[in-house]
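Asker: Sending over a structure as structure tokens; questions will come in a sec.
The values are calculated or read from the model by the stated rules, or taken from the named source; none is laboratory data. Bear in mind that the values here come from a model prediction, so they are computed numbers and not experimental data. Here Cβ is always computed from backbone atoms with ideal geometry, including for glycine, and neighbour counts include all displayed protein chains. Ligands, DNA and RNA are stripped out before the accessible areas are found, and what is left, the full protein with its side chains, is counted by its heavy atoms. Shrake-Rupley method; radii C 1.70, N 1.55, O 1.52, S 1.80 Å.
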Amino acid sequence: MVGTPILTRDSWELNIVMSTQNGPDRPKTAAESADVNKVVSETKAAQDAGIPMVNLVVDGKPVSVPKGSLVIEAAFSAGSDIPYFCYHPRLTSVGACRMCLASVELEMFGQRRASIMATCTIPAADGMVVKTTTPDVKKAQNGVLELILANHPLDCPVCDRGGECPLQNMTISYGPPNTRFIEDKRRYVKALPISEHVVLDRERCITCMRCTRFASEIAGDSKLGLINRGAQSEVGPFLGGTFDSNFSGNTIEICPVGALTSRQFRFKGRPWEVKSSDSICTKCSNGCNIAVGHRMGEVVRINGRVNEQINEEWTCDKGKFGNADVNAPERLTAPLIRDAHGVLVETDWDTALSAVITNMQFVSENYGANAIAAFGTTSGTIEDNVLLGKLIHGVFSSSNLAYQLTQGPRRLPKATIVSVESAKHIVIVGMDLAYDQPMYYLRSVKAQRNGATVITVKTPSELAGANLTSESVVLVPDTLSASDYEAIQAISSEAGCDYSVLVSDANGYGPYLAGFDGADARVEDLHKGLSASEKANEVLNGLASGAVKHAFVLASDPVGTYADGQLASKAFSADAFVVVTSQFMNATAANASVVLPIASFAETAGTYLNVDGQLQTVDAVVPPRAGTRPQWQVLLELNARAGNPLPVFNPSDVLPAVLMQGGSE
Amino acid sequence: MPVEQTQLLYRHRDVPGINRLDTYVAHCGYEQFRKAITMEPDAIIEEVKVSGLRGRGGAGFPTHIKWNAFPKNRDVEHYFIVNADEGEPGTAKDRDLMNALPHLLVEGCLCSMVAVRAAKCYIYIRGEYVEPWKSVQKAINEAYAAGFLGKNVLGSGLDFDIYTHLGAGAYECGEESALMSSLMGERGMPRLKPPAAPLPMISGVWKRPSVVNNVETAATIPAILELGGAKYSEIGVGSPRSRGTKLFSISGHVNKPGIYEIVLGTPFSEVLEIAGGVRDGHKLKTYIPGGSSMGFAPPTPLDYPFDYEGIPQNTQTLGLGSGGLMIFDETTDVFKVTHRLVDFYHHESCGKCTPCREGLDWLSKIYGRIASGGGREQDIDLIWDICDSIRGKSFCALGEGAIWPVMTSLRLFRHEYLSYIHHGRNTYSDAGQLGA
Amino acid sequence: MAKFTDDTKRRLDALIARYPTSKAALLPALWVAQEVYGGWLPPEAMQEVADHLGVPASDVAGVATFYTMYNKRPVANHRIEICQNVACMVNGADELIGYCERKLGIHAGEMTSDGGFSVERVECLGACCHAPALMVGSTYYENATEQTIDKLIAELGNMPSESVRPPQSQMPEQGEF
Ligand SMILES: Cc1cc2nc3c(=O)[nH]c(=O)nc-3n(C[C@H](O)[C@H](O)[C@H](O)COP(=O)(O)O)c2cc1C
Ligand code: SF4
Ligand code: SF4
Ligand code: SF4
Ligand code: FES
Ligand code: FES
């Protein structure tokens, strides 16, 4: 070790001076920009809302920030930059990494003086003077970074974080350009899988406690904790256990280094080769805003994107990792048609679409308009439903637009995702909220941290023992029986509270907006509630009895999902000509006459109405998988072939028209 | 004329059976508590203020200021917490006090509880101190039986409960906010302090008003009430801000190591004499005045007031600290002693903040390398720079305390480092041949 | 396999009653668990504590691994823990540790093959004025010499580990008066 070439003290100090290309314009990762944007926009909102403010000076610039803001936040609002790792605008401050040092002049114990402080822990106060760029501050930041890097493996070339790594960024902007650390670094087994989705590299961990705070404060499950102490500290799940949380993926995103990485994304590409496009997750009804990462036309990862009304910036694991099914080999990539032997065989689009239209025309002419039926989709877009309505009702004049959401009331929930956050008493009936309604769950954790009681009962009858009051928020799944909903209605109205049915699919109300299930609704009607409809059962009975001869099933699986599964399977095993659009084979498609392979959520565009009534429009992010087509294109083509040429349009234009027209005309 | 060593805490230290309630009461035990319980809480705080008492746990913060910060009512539960985590190397006084005079501690706690309007007290005792723990718990049990603890104590309408809480091996839990974390069943990591968070006296353990005081601080309260604050403040021969007596654990190379109650401001040379002087045939090389975190002091001057002000002024160490005075004679290998301390702090760092966790890990590796002959001259600058990156930047005072022995040893004994670097051994000590 | 008996649970409940939250009883509860599990805390012990206190298991692991006196591995019957900190060091602690190592034929941190003894280096025990100091079980031996070690090993060698039980087993209970 003695002969190792080393720096002299002089060159060291020279280098400190050289490596200070920093400040607010330094390159930032998406997450870093999101942090700053959040802080700045909240400050603006507070200014507008007349919230009490404090006034201070940062780098000579006066700034006014809402009371309770931290000094680092005031600095962001003033347009200054302070490097940080453990600070996160959605987590409580710990002051662990000590990266955010700046000079803060304040009055304490009657004395006014400036000292170097961790600005993520200090609340901004009137009259403070903050300096982020003095030589002392630079030296302090430099020193802390040198220590953070001391044991760091610096295996950036094979690190999935490289290129979007806050540690790399801070180092280039604030750090020492070289190391004086010549000792042996701490060694651990690298790439330790700690769950189905997450790998941990303890050598890269800087013990910022973001992931552990996320687990206890945001996910509320404390599935990740710190063990051991001092230099031996490491994060991990309970000894010998796994990190089985429905929100584990978020820790990958907030980890400021490559210590927690995704098994799915592992070595799928360098972050800078991954393009990111905005989209909406359709794995459940919550409608989380996501950024779809894609490389060479292939979806490689899903990250959270900020939407304060829905997912703040989080995703659940179902959304983060489940959307990989876009790449699944099981996807249908050619239309299927039932051949002379009754077997589904691949065919081309032209043949399949002709077969569909030919049969529709034949049925319409020979058996009347109502011998044709359509089933709306809850996973496709509102536009898809509208275009199907135009075909079946508009062209063929059938009134059989069927769809079944729930046996309960057909209305949007009173309890919105955001409102749950301030509830005092939350009662969950018969569902695993964390899995079924992830964003409702995360807000319930917030409510709980603010003192709310959160209880889960298995069955509606247990609700009687839940001490409901008029303040209670009762959350109910959309899968219960009619009598269950009656029981819940009775108990909650006695207590004077409401109950909210939360739908499960990405576009649970979409078909209503397109005139399905006897509805002719606009969003505001959904808030009021629609009257009951027997349309779905009527159509299913018609299919079962043979009165309905052609059924067009739009991206859904009535056999697998409708409440009266027996009736549905009877209906779909009758002789009718059934057309199903789908990404994957399912129970309804298995019995179909024609199956049309459609594009995934990432490959199509359109509008979704989420669980609590928020409309969101998205564009396609990647081209459709070869052989598949976006549903809206398929329906445009069918309309055209049926003699109803619609203007070629940008899918995002369809929506306003729909809402103006209120339905399928 | 040597300073007269008034004995307050240790007055009855050697009375046989003083650890039992009956003997303690026979020596006027619990008299001060009987008095305190009839006093206005603020009147007690006023006596403490006048007495000039400063915390005996290490930081030397005036006790009355902490106590005055409590809400002046009993709307919510207040907690009085005793820091008996004594882990600062060189400090052994709280152990002795708890073993020998457990009722003095209980009485001190009771008086303090009246002052801060607390009905509950937790004594946080380090895990190794099973014997002192049993001793204190036994005294508590006796005090319950005698009606000094429990409901409506002495007809005052007030309830008092004292619980012992055993730690489990973590020096950092002596840091008061880490102690609070530990008491609440968490990892012993420090918590945010003002201005980042409210004072513990407003929101401490379980978000309720709480204060942490050292064993000796609490045990001094009865003496203050007995003498009256003014009289107590007359004790002390040094700085006007260092009043009363203080327990010192004197260890290392002295003829009569032990724990002594010493009047603050007594000249250092006299303190040395009280412990029998540097062991025979040897001479003073350096010493640590108040627990390892204070750093090394030069062998001169000797005649200066040994108190809160005198020590930092005359030795450029951090100060009086916990009163753990460690004496080292010329046989001592200061590099090796420092190395051992660096490893100690490295082992005890809680790991929360980067400077302490990584800085000490690095220092420990550098010391190891130098000790085994791999030292380089530039390591000295490197060590200094690392200390600089820790100083004022660590989350709590452990990091700060860790670098103090390092920096002082570098300042005073740089040649010993160079000796290791150039010759692979310390040519300035006879280490390894410690004939006693 | 759960090892907590009704009696263990009663003890834990008594501890919980001393604090405003059950989590606060975690340290004392781990002491009890360490006793019940024979001197160390396997993950099952931590899980049982977590279940009884209603605290997340990862928090229990975090706490158990933070404090050095909770053993994460099985330990020797008699652990000779010798202070290595400076007051003891300048009074011959290293020599004493060396003597002990040679006598037992093990290195500090190891245990004899029969699990009878281990020698461990520990930090300041608060016995600096009577250095060097060591601890066996919960008993201190101060001004220790080679003779102290000889005597200890001779006496303890024949004794089952219960005779020097870990400290937690002697926890006096509040209200026993
Ligand atoms: C790392 C560290 C360890 C400490 N250990 C102890 C200790 O063992 N006993 C103690 O009384 N104070 C200790 N202190 C000081 C306490 O934080 C606190 O100042 C003291 O308990 C307050 O009590 P006092 O005001 O009565 O002195 C320690 C401080 C630090 C930073
Ligand atoms: S975490 Fe960042 S700095 Fe560390 S190896 Fe990965 S890319 Fe490099
Ligand atoms: S794994 Fe990442 S987020 Fe978690 S503590 Fe380590 S560096 Fe921070
Ligand atoms: S200085 Fe930092 S790492 Fe060290 S004990 Fe304090 S908080 Fe923990
Ligand atoms: S960002 Fe402030 S201490 Fe980590
Ligand atoms: S140094 Fe050994 S007991 Fe304090």
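Asker: By how many degrees, between 0 and 90 and to the nearest 10, does the Cα long axis of helix B:102-116 differ from the longest principal axis of chain B?
Answerer: For helix B:102-116, the angle is close to 70 degrees.
Asker: A follow-up question, please. Name the residues of the range C:94-129, by number, that are at least 50 Å² less accessible with every protein chain in place than in the isolated chain; the surface is that of heavy atoms, probe 1.4 Å, without ligands or nucleic acids.
Answerer: C:GLU123, C:CYS124, C:GLY126, C:CYS128, C:CYS129
Asker: At a probe of 1.4 Å, how much accessible area disappears from chains B and A on forming the pair, both sides counted, to the nearest 100 Å²?
Answerer: Summing both sides, the interface buries roughly 3400 Å².
Asker: Tell me which of A:LEU480, A:THR171, A:ILE372 sits at the most positive position along the dipole axis of chain A, charges placed on C-beta atoms (Lys, Arg +1; Asp, Glu -1).
Answerer: Farthest towards the positive end: A:THR171.
Asker: Give me the percent of DSSP beta bridges within chain A that run antiparallel, rounded to the nearest 5. Don't skip to the answer; put the middle values down first.
Answerer: On the way: 49 of 78 bridges.
For chain A, the DSSP antiparallel bridge percentage is about 65.
Asker: How large is the convex hull of the Cα atoms of chain A per residue, expressed in Å³ as a whole number?
Answerer: 189
Asker: What total accessible area, in Å², is buried where chains C and B meet, using a 1.4 Å probe and rounding to the nearest 100? Please list the in-between numbers first.
Answerer: On the way: alone 9720 and 17370 Å², together 22620 Å².
By this definition, chains C and B bury close to 4500 Å².
Asker: Assuming R0 = 35 Å, can you tell me the calculated FRET efficiency for the pair B:LYS283 and B:GLN7, based on Cβ-Cβ distance, to the nearest 0.05?
Answerer: 0.70
Asker: Take the residue pairs B:LYS35/B:LYS151; A:LYS535/A:LYS570; A:LYS446/B:LYS120; B:LYS283/B:LYS336; A:LYS223/C:LYS72; B:LYS49/B:LYS246 and return only those whose Cα atoms are more than 25 Å apart. Write out the running numbers ahead of the final one.
Answerer: Details: B:LYS35/B:LYS151 18 Å; A:LYS535/A:LYS570 17 Å; A:LYS446/B:LYS120 32 Å; B:LYS283/B:LYS336 19 Å; A:LYS223/C:LYS72 20 Å; B:LYS49/B:LYS246 17 Å.
Among B:LYS35/B:LYS151; A:LYS535/A:LYS570; A:LYS446/B:LYS120; B:LYS283/B:LYS336; A:LYS223/C:LYS72; B:LYS49/B:LYS246, the Cα-Cα distance tops 25 Å for A:LYS446/B:LYS120.
Asker: Another question, if that's okay. Can you give me the Rg/Rh ratio for the range C:78-156, using Cα atoms for both radii and the Kirkwood formula for Rh?
Answerer: That ratio is 0.93, to two decimals.
Asker: A:LYS38: which aspartates and glutamates have alpha carbons under 20 Å from its alpha carbon, excluding same-chain residues fewer than 8 sequence positions away?
Answerer: A:ASP25, A:ASP48, A:GLU73, A:ASP81, A:GLU164, A:GLU217, A:GLU253, A:ASP278, A:GLU308, A:GLU312, A:GLU313, A:GLU421
Asker: For the range C:7-66, give the percent of accessible area contributed by carbon and sulfur heavy atoms, probe 1.4 Å, rounded to a whole number.
Answerer: Carbon and sulfur atoms account for 51 percent of the accessible area of the range C:7-66.
Asker: Here's a follow-up. How long, wide and thick is the range C:7-66, going by the Cα atoms along their three principal axes, in whole angstroms, largest first?
Answerer: Projected onto the principal axes, the Cα atoms of the range C:7-66 cover 26, 23, 17 Å.
Asker: Still on this model: May I ask for the angle, rounded to the nearest 10°, between helix B:215-227 and the longest principal axis of chain B, with both axes built from Cα atoms and the value confined to 0 to 90°?
Answerer: Here the helix axis deviates by roughly 50 degrees.
Asker: Place a +1 charge on the Cβ of each Lys and Arg in the range B:21-234 and a -1 charge on the Cβ of each Asp and Glu, then give the dipole magnitude about the Cα centre in debye, rounded to the nearest 20.
Answerer: I would put it at about 480 debye.
Asker: Which helices, counted as full DSSP H runs in chain A, have an axial Cα extent of no less than 18 Å and a Kyte-Doolittle average of -1.0 or above?
Answerer: Details: long enough: A:30-49 (28 Å, -0.39); A:135-150 (22 Å, 0.26); A:349-367 (26 Å, 0.12); A:482-495 (20 Å, -0.11).
Qualifying helices, which must be both long enough and hydrophobic enough, are A:30-49, A:135-150, A:349-367, A:482-495.
Asker: Next question, about the same structure. So, with a 1.4 angstrom probe, what is the percent of accessible area on the range A:467-577 that is carbon and sulfur?
Answerer: Roughly 45 percent, rounded to a whole number.
Asker: How many nm is it between the label spots at A:GLU534 and A:ARG113, if each spot is 7 Å from the Cα in line with the beta carbon?
Answerer: 8.5
Asker: Next question. Looking at B:SER372, B:THR408, B:HIS347, which one has the Cα that reaches farthest to the positive end of the dipole of the range B:334-423 (charges on Cβ: Lys, Arg +1; Asp, Glu -1)?
Answerer: B:HIS347
Asker: Any idea what Rg and Dmax come out to for the protein assembly as shown if you just take the C-alpha atoms, in Å?
Answerer: For the protein assembly as shown, the Cα-based Rg and Dmax read 36.4, 128 Å.
Asker: If I model a spin label at B:ASN255 and A:LYS44 as a point 7 Å from the Cα along the Cα→Cβ vector, what separation in nanometres do I get?
Answerer: It works out to 8.0 nm between the two label points.
Asker: Further, regarding this structure: Tell me the Rg and the Dmax, in Å, that the Cα atoms of the range B:334-423 produce.
Answerer: Rg and Dmax of the range B:334-423, Cα atoms, are 12.0, 37 Å.
Asker: Follow-up. Is there a quick way to get the dipole size of chain A? I mean about its Cα centre, with the Cβ of Lys and Arg at +1 and of Asp and Glu at -1; what is the value in debye to the nearest 20?
Answerer: Computed about the Cα centre, the dipole is about 1960 debye.
Asker: First measure r as the distance between the Cβ atoms of A:SER481 and A:ASP278, then evaluate 1/(1 + (r/R0)^6) with R0 = 35 Å and state the FRET efficiency to the nearest 0.05.
Answerer: My answer for the efficiency is 0.35.
Asker: Just the number, please: Stokes-Einstein D of the range A:118-211 in µm²/s, Kirkwood Rh from C-alpha pairs, 10 °C, 1.306 mPa s. All intermediate terms of the calculation are to be shown ahead of the outcome.
Answerer: Details: Rh = 15.7 Å.
After rounding, the answer is 101 µm²/s.
Asker: Further question on the same structure: Which cross-chain or sequence-distant (5 or more) residues have an amide H under 5 Å from the amide H of C:PHE117, H modelled 1.01 Å from N in plane?
Answerer: C:ASN77, C:HIS78, C:THR112
Asker: A further question follows. Helix C:57-66 against the longest principal axis of chain C: what's the angle in degrees, Cα atoms only, rounded to the nearest 10?
Answerer: Rounded to the nearest ten degrees, it is 20.
Asker: Continuing with this model, one more query. Just how large is the dipole of the protein assembly as shown about the Cα centre, in debye to the nearest 20, putting +1 at every Lys and Arg Cβ and -1 at every Asp and Glu Cβ? Mind showing how you got there, number by number?
Answerer: Details: 114 positive and 143 negative charges, 277 e Å.
Using Cβ point charges on Lys, Arg, Asp and Glu, the protein assembly as shown gives about 1320 debye.
Asker: Give me the one-decimal Kirkwood hydrodynamic radius in Å for chain C, with the sum taken over alpha-carbon pairs.
Answerer: 17.5
Asker: For chain A, what does -39500 (n - 2.57) per DSSP helix run (n ≥ 4), summed and divided by total residues, give at 222 nm, in deg cm²/dmol to the nearest 500?
Answerer: Mean residue ellipticity at 222 nm (helix-derived): -8500 deg cm²/dmol.
Asker: Moving on. Once the Cβ-Cβ distance between A:VAL306 and A:SER461 is put in as r, and R0 is 45 Å, what FRET efficiency do you end up with, to the nearest 0.05?
Answerer: Approximately 0.65, to the nearest 0.05.
Asker: Roughly how many Å² is the accessible area per residue of the protein assembly as shown, as a whole number, for a 1.4 Å probe?
Answerer: The answer is 36 Å² per residue.
Asker: Are there GluC sites (Glu not before Pro) in the range A:502-591 that DSSP puts in a loop and that have at most 12 other Cβ atoms within 10 Å, and which ones?
Answerer: Within the range A:502-591, the qualifying GluC sites (Glu not before Pro) (loop, at most 12 other Cβ atoms within 10 Å) are A:GLU534.
Asker: Something else about it: Label A:LEU154 and A:ASP432 with points 7 Å out from Cα along Cα→Cβ: what is the distance between them in nm?
Answerer: Spacing of the two 7 Å Cα→Cβ label points: 4.5 nm.
Asker: Still on this model: Relative contact order, percent, of chain B when contacts are C-alpha pairs under 8 Å separated by at least 6 residues?
Answerer: Computed over chain B, the figure is 16 percent.
Asker: From Cα pairs below 8 angstrom and at least 6 apart in sequence, can you work out the relative contact order of the range A:179-251, rounded to a whole percent?
Answerer: 26
Asker: May I pose another question? Putting +1 on Lys and Arg Cβ atoms and -1 on Asp and Glu Cβ atoms, find which of C:HIS52, C:ASN77, C:LEU12 reaches farthest to the positive end of the dipole of the protein assembly as shown.
Answerer: The residue sitting farthest along the positive end of the dipole is C:ASN77.
Asker: On to the next question. Considering protein heavy atoms only and a 1.4 Å probe radius, which residues within the range C:12-45 exhibit an accessible-area decrease of no less than 20 Å² in the full assembly relative to the chain by itself?
Answerer: Going by heavy-atom accessible area, the residues of the range C:12-45 that drop by at least 20 Å² are C:ARG18, C:TYR19, C:PRO20, C:THR21, C:LYS23, C:ALA24, C:LEU27, C:TRP31, C:PRO43.
Asker: Out of all DSSP beta bridges with both ends in the protein assembly as shown, state the antiparallel percent to the nearest 5.
Answerer: Roughly 55 percent of the beta bridges in the protein assembly as shown run antiparallel, per DSSP.
Asker: How big is the Rg/Rh ratio for the range A:510-613, C-alpha atoms only, Rh by Kirkwood, two decimals?
Answerer: Radius of gyration over Kirkwood radius for the range A:510-613 works out to 0.99.
Asker: Could I ask something else about it? Please list, in chain and number order, the residues 5+ apart from B:LYS120 or on another chain whose amide H is under 5 Å from its amide H, with Hs placed from the backbone.
Answerer: B:HIS78, B:PHE80, B:ASP161
Asker: Relative to the compact globular guide of 2.2 N^0.38 Å, what is the alpha carbon radius of gyration of the range B:1-126, as a ratio? Please list the in-between numbers first.
Answerer: Numbers: Rg = 15.4 Å, N = 126, 2.2 N^0.38 = 13.8 Å.
Rg over 2.2 N^0.38 Å, computed on Cα atoms: 1.12.
Asker: List the trypsin sites (Lys or Arg not before Pro) within the range A:181-240 that DSSP assigns to loop and that have no more than 12 neighbouring Cβ atoms inside 10 Å.
Answerer: Loop-located and lightly packed - A:ARG187.
Asker: Let me ask something else about it. Say a site is exposed when it is one of the GluC sites (Glu not before Pro), sits in a DSSP loop, and has at most 14 other Cβ atoms within 10 Å; what is then the longest site-free stretch of chain B?
Answerer: B:5-376
Asker: Considering only protein heavy atoms and a probe of 1.4 Å, how much of the accessible area of chain B is carbon and sulfur, as a whole percent? Show your work: numbers first, answer last.
Answerer: Working: 7040 of 13540 Å².
Summing carbon and sulfur atoms, their accessible area is 52 percent of the total for chain B.
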